[in-house]
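One structure is given here, and the rest of the page talks about it.
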Amino acid sequence: MKKYGYLLIIGLVVVAGIFVINAPPQEDKTALDPKQSSDTETTFARPKKSAHYESNTPAHESILAAPPINIVIDFNFDLASNSSISIVDTNDIEYGSGDTSVDRNKLALRRSMSHDSPDGVYTVNYNACWPDASCHDGSFQFAINRSLGEDYLDLRNRSAVEIKLSDIAFKPARVKVSAGTRITWLNDEEVTHYVNTDAHPSHTYYPAQNSNALAKGEEFPLVFDKAGIYPYHCSAHASDMIGSIIVE
Ligand SMILES: [Cu+2]
């Protein structure tokens, strides 16, 4: 009888083994959805950089206090006109407006973004095409969170606003103004500074916002007509001297 007992146990082990081998693999939800976010932080998928990619504005993983006026992607090779940009939310709804355009120097790809785009995470998918008709694709993500606008100095309803360049900083660094406001940057110290739109060093996001070298006492004025966010920096102190403007 003992012999049959052993056989029974061996039989059960074999049957159980067959079930384990044939069991469907358990789904790991967290590994499948890279865009998952908790209450406290936003997480982003890894960017994919195409051939000849250099930089993009908004930056990957940036969280903006207002929608960007446009998406710009910089390359180090001549773009062909059939290149394209798509800007979608997590439901794959398109928020790019108008057509994708190639800058005159053929090194930047650009598309406007709707100013009424809601808060949330956006994925930019681009297809960069070259004179030989080949193309390469890439992607990156950013988010809009309008509550961050509370950290901006509210200077709305003024026709003119001044930002000083002193102590290797923009003062104030974050301002909120009304559309049509003239912002004037004034260099207030014995160090040469610049006002440059992001990214560094392509300076392509909003090309009108690129000054010449500013010595002490020199100014750079610019009227902001279009609502959106304008990230910028000083190209001589690109990692420390950073500013941002919200135009409403
Ligand atoms: Cu500077």
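The values are calculated or read from the model by the stated rules, or taken from the named source; none is laboratory data. Keep in mind that what you see is a predicted model, and the values were worked out from it rather than measured. Positions of Cβ are generated from backbone atoms using ideal geometry, with glycine treated the same way; all protein chains shown enter the neighbour counts. The protein model used for the area step is the full one, side chains on, heavy atoms only, and it has no ligands, DNA or RNA in it. Shrake-Rupley method; radii C 1.70, N 1.55, O 1.52, S 1.80 Å.
Annotations
- The length gained by stretching the chain between ALA215 and ALA179 to full extension, at 0.36 nm per residue less their Cα-Cα distance, is 10.1 nm.
- In this calculation the C-beta distance from ASP188 to CYS135 is compared with R0 = 51 Å, giving a FRET efficiency of 0.60.
- Exposure check, 1.4 Å probe, all protein chains in place: VAL161 carries approximately 10 Å² of accessible surface.
- Solvent-accessible heavy-atom area per residue, rounded to whole Å², over the range 144-233 at 1.4 Å: 48 Å²
- ASN105-ALA80 pseudo-label distance in nm [points 7 Å out on the Cα-to-Cβ vector]: 2.3 nm
- Approximating the spin labels as points 7 Å out from Cα along Cα→Cβ, the GLU94-to-ASP154 distance works out to 3.8 nm.
- Heavy-atom accessible surface of the range 53-147: percent carbon and sulfur, 1.4 Å: 45 percent
- Formal net charge of residues neighbouring LYS164 (Cβ-Cβ distance under 11 Å; K, R +1; D, E -1): -4
- TYR53 - accessible surface, heavy atoms, 1.4 Å probe, Å² rounded to 10: 50 Å²
- Percentage relative contact order, the range 152-247, counting C-alpha pairs under 8 Å, at least six apart: 31 percent
- Solvent-accessible area of ILE93, all protein chains in place: 80 Å² (probe radius 1.4 Å, heavy atoms, ligands and nucleic acids excluded).
- The range 61-116-the range 151-196 distance, computed between alpha-carbon centres (Å): 26 Å
- Per-pair calculated FRET efficiency, R0 = 22 Å: GLU162 and ILE63 via Cβ, rounded to 0.05: 0.20
- Local charge for ALA199 was computed over the other residues whose Cβ lies under 9 Å away, with Lys and Arg +1 and Asp and Glu -1, and equals -3.
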